[in-house]
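The values are calculated or read from the model by the stated rules, or taken from the named source; none is laboratory data. Being a predicted model, the structure only gives us computed values, none of them experimental. Cβ sites come from the backbone with ideal geometry, for glycine too, and all protein chains shown count toward neighbours.
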């Protein structure tokens, strides 16, 4: 396999994902202080520059015990995290320690067509009904939702055959974006 080719394809896939995420965020209320769930990364730095805010990160294992520097964040970014957690409900309940009734929690989650494309670190890829139940059971409500298709990497018959056999970087998934607030607001 040509690693340079795969790397440039992954760069294109990530760039497209970032562009779609920014398109969703441009429709949302992004007010500092902002908590970005996970470690500092290049996309978070890009968002900080674009929206002109300082943002904070979590520390620790999101499955068990984690912390953040400040409390009462106005905006929380949780991009591509929920599907990696063993217990996403527990995570959402614990997040309440750092937010208030007007906080917007912005979440993105993928839903691949075939389970074999989940990736080894994906414990959950929930359908709409299950995600809505998770949100409700955790004490939140959905105030906005958007979905984008992502079918990347197809240029000819050979990549399509590799995709069907599971030997390709082609991804066929929908990416959902949700904005949540605390229930009872």
- Query: When both residues are 6+ apart or on different chains and their Cβ atoms are under 8 Å apart, which pairs have a first residue that lies in the range 166-185 and is surrounded by 16 or more Cβ atoms within 10 Å (Cβ to Cβ), and a second that is part of a loop (DSSP other than H, G, I, E, B) and modelled with pLDDT of 90 or more?
  - Reply: 179/28; 182/139
- Note on the structure: Those residues of the range 10-28 that are over 18 Å from residue 176 (Cβ atoms) and surrounded by 13 or more Cβ atoms within 10 Å (Cβ to Cβ) come to a total of 1
- Query: Looking only at the range 31-46, which residues are outside any loop (DSSP other than H, G, I, E, B) and under 9 Å from residue 75 (Cα atoms)?
  - Reply: 34, 35, 36
- When you scan the range 148-175, how many residues do you find that are closer than 29 Å to residue 30 by Cα and either out of contact with any strand residue (DSSP E or B) (no Cβ under 8 Å at 6 or more places or on another chain) or at pLDDT 90 or above (or both)? 0
- Task: Within the range 30-43, track down each residue that is surrounded by 13 or more Cβ atoms within 10 Å (Cβ to Cβ) and either in contact with a helix residue (DSSP H, G or I) (Cβ under 7 Å, 6 or more places away or on another chain) or at negative phi (or both).
- Result: 30, 31, 32, 33, 34, 35, 36, 37, 43
- Restricting attention to the range 18-29, does a residue exist that is in a strand (DSSP E or B), within 17 Å of residue 80 (Cα to Cα) and touching a strand residue (DSSP E or B) at 6+ places or on another chain (Cβ under 7 Å)? no
